[in-house]
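The values are calculated or read from the model by the stated rules, or taken from the named source; none is laboratory data. Since the model is a prediction, treat every value here as computed from it, not as a measurement. Note that we place each Cβ from the backbone using ideal geometry, even for glycine, and neighbour counts take in every protein chain shown. Please note that ligands, DNA and RNA were not included when accessible areas were found on the heavy atoms of the full protein model with its side chains. Shrake-Rupley method; radii C 1.70, N 1.55, O 1.52, S 1.80 Å.
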Amino acid sequence: MSRWQKVAPLSGVLFFLLLLAAILVMPNPPGVSSSGTKIVSFYRSHKDQAELSSWFTILAVFVGVGFYGLLRDHLRRGGGTRGLAASGFGGAIIFAASGCLSAGMFFALGDAADHLSPAAAQALNTAERDGTSAFEFAGVAVMMAGFGLAIVRSGLLPRWLGWVGLAIALVALVQPIGFIGFIAAGFWTVICGIVLTRRRFAGTAVAEVDVVLTT
């Protein structure tokens, strides 16, 4: 196994950092009850932050889909887990779609703030705040349930990670605390990436010892 293949699961850590950057770089946007005038004023003042947040989100989607693809391939090796791993990756795609929608709306609000009517700005803001949440929470729930069950059944990662994933899936489905599942899924991804990387390095070390002993 090449060094790149060994460190590739650390893309889960990079995904989390990019997602965190996308959140932190952008001040808290106006709520859905805010007036259109207030929303236009906010995005005129924070145009650069909105566009930068969109860029970080797009990068996070790119890296995240790659990581969850690696996780799917790893978990498919367990008996009877191919369907579960595929479902988990399907949830990751839905989750990624929520990120793309959110990034697009943030960019549109920032880029066109000087040209949007208050009513149009209010509609876009409401769609970004509430419209993308269905994709986000449903994606997290499906992803965590699929991967969690695959881990519990296969034991290819610590089974406690699987049980935690199932708990996160349940939380993501409960409103108005679904955002907790979103946050927890990020930390879960970091842990999975680190554990999978360590196992790949450990597996290579064991293989090298076996080669030495048999020569």
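Odds and ends about this structure:
- When you restrict to C-alpha pairs under 8 Å that are six or more residues apart and normalise by the size of the chain, the relative contact order lands at 26 percent.
- Cα pair distances exceeding 14 angstrom across region 1-48, given as percent: 66 percent
- Set of region 103-135 residues, backbone N closer than 14 Å to the point 7 Å along the Cα-Cβ line of Gln175: 127-135
- Helical mean residue ellipticity (222 nm; -39500 (n - 2.57) per DSSP H run of 4+; nearest 500) of the chain: -27000 deg cm²/dmol
- Spatial offset of region 1-72 relative to region 168-186 amounts to 18 Å, using the alpha carbon center of each.
- Relative intensity, log₁₀ I(q)/I(0), of region 130-186 from a Debye sum that treats every alpha carbon as a point, q = 0.20, 0.24 Å⁻¹: -0.61, -0.81
- Helix runs (DSSP H) in the chain reaching 18 Å along axis by Cα, Kyte-Doolittle at least -0.5: 11-24, 47-75, 82-111, 133-154, 159-173, 178-214
- When a 1.4 Å probe is rolled over the protein heavy atoms, the share of accessible surface on the chain that falls to carbon and sulfur comes to 69 percent.
- Selected from Asn28, Ala86, Ala112, residue furthest toward positive end of dipole (region 1-121; charges at beta carbon): Ala86
- Percent of alpha-carbon pairs separated by more than 22 Å within the chain: 53 percent
- Directionally averaged projected area (region 84-160, Cα convex hull): 5.6 nm².
- Å² of accessible area per residue within the chain, as computed with a 1.4 Å probe and no ligands counted: 49 Å²
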